[in-house]
Amino acid sequence: MTNHAATPSHGERRLQAHLGSQERADAFYDRQVHAHLTAPMRDFIHRQSMVFVSTADARGQCDATFRAGPPGFVVVLDDQTLAYPEYRGNGVLASAGNITENPHVGLLFMDFTHDHIGLHVNGSAGLVGDHDLRGAHPWIPADAAPGRRPVLWTLIGIHEAYVHCSKHIPHLEPAPRALSAHARPKDPDYFTEDLVPSVVAEPGHEIPSEHTRRLER
């Protein structure tokens with residue numbers, strides 16, 4: 001293995017050896033993988049208004065989510081540290097909860113509009129209060145998202161950062177959100193279904209007990 005900032009898994013290395021791609025992988029690690037944010041990476045993050053976030057709990061069960069805000073809502077504190085706000089949502093706190101058990105986190109920033117390029121950032125995360133983060137970094141804008149106040153911040157120490165190539169990134173044009181042409185369910189109801197099955201007993205037959213128990217819940 002060459003001397004680079006990447007920390008490939010044993011699985012990566014085994015598959016690279018099996019498929020004969022280790023030389024190409026080493027060239028990628030040597031040129032593209034950094035243990036800090038380069039100046040172009042920092043500028044890129046400052047322009048982004050969305051990021052995809054992956055976490056896992058202590059059992060390794062994964063969660064992928066999406067965060068969005070005004071450009072620069074993910075704050076570059078220095079070339080080794082990022083922070084993004086956690087606003088009040090549905091109260092589940094899946095990502096933040098995972099981080100309390102397992103600090104490993106992966107971020108993916110994607111530019112779908114201008115340069116059609118992506119940036120992976122992997123690191124270790126922790127949670128910090130809004131008052132504490134602003135006390136250490138008073139220059140963070142207080143009204144980055146008008147009307148919303150962070151409940152917490154996710155603070156990320158960077159292990160590695162590297163490019164996501166543009167080859168298959170689609171082009172998307174920002175546009176005002178249009179009114180839907182058809183009535184759709186409200187968000188909480190969009191993917192739900194009726195948990196009570198429609199069970200009709202035929203004449204002379206009783207509804208099976210398992211259906212009865214389900215109806216009583």
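The values are calculated or read from the model by the stated rules, or taken from the named source; none is laboratory data. Note that the structure is a prediction, hence the values are computed from the model and not measured. Glycine gets a Cβ as well: all are built from the backbone with ideal geometry, and neighbour counts include every protein chain shown. Areas reflect the complete protein model, heavy atoms only, side chains present, ligands, DNA and RNA absent. Shrake-Rupley method; radii C 1.70, N 1.55, O 1.52, S 1.80 Å.
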Check: Cα centroids of segment 12-46 and segment 70-102: how far apart, whole angstrom?
Finding: 24
Checklist line | Asp63 accessible area, 1.4 Å probe, all protein chains in place, Å² to nearest 10 | finding: 50
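If I stretch the segment between Glu101 and Thr38 completely, what's the gain in nm (0.36 nm per residue apart, minus their alpha carbon distance), one decimal?
Details: separation 63, 0.36 × 63 = 22.68 nm, distance 2.95 nm.
Roughly 19.7 nm would be gained on extension.
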Check: In nm, what is the difference between 0.36 nm times the number of residues separating Arg14 and Leu77 and their Cα-Cα distance?
Finding: 19.1 nm
Checklist line | Heavy atoms of Thr55 accessible to a 1.4 Å probe, total area in Å² rounded to 10 | finding: 10
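Grab the Cα-Cα distance for Asp143 and Phe52, subtract it from 0.36 nm times how many residues apart they are, and report the gain in nm with one decimal. Could the numbers behind the result be given before it?
Numbers: separation 91, 0.36 × 91 = 32.76 nm, distance 2.25 nm.
Going from the current span to full extension adds 30.5 nm.
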Item checked: Carbon plus sulfur fraction of accessible area for the chain, probe 1.4 Å, in percent -> 55
Check: In segment 56-165, what trypsin sites (Lys or Arg not before Pro) fall in a loop by DSSP, with at most 15 other Cβ atoms inside 10 Å?
Finding: Arg59, Arg88, Arg148
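Before rounding to the nearest 500, sum -39500 (n - 2.57) across all DSSP H runs of length at least 4 in the chain and divide by the residue total; then give [θ] at 222 nm in deg cm²/dmol. Don't jump to the answer; show the numbers that get you there.
Numbers: 6 runs with 53 residues, N = 217.
So the helix-based figure for the chain works out to -7000 deg cm²/dmol.
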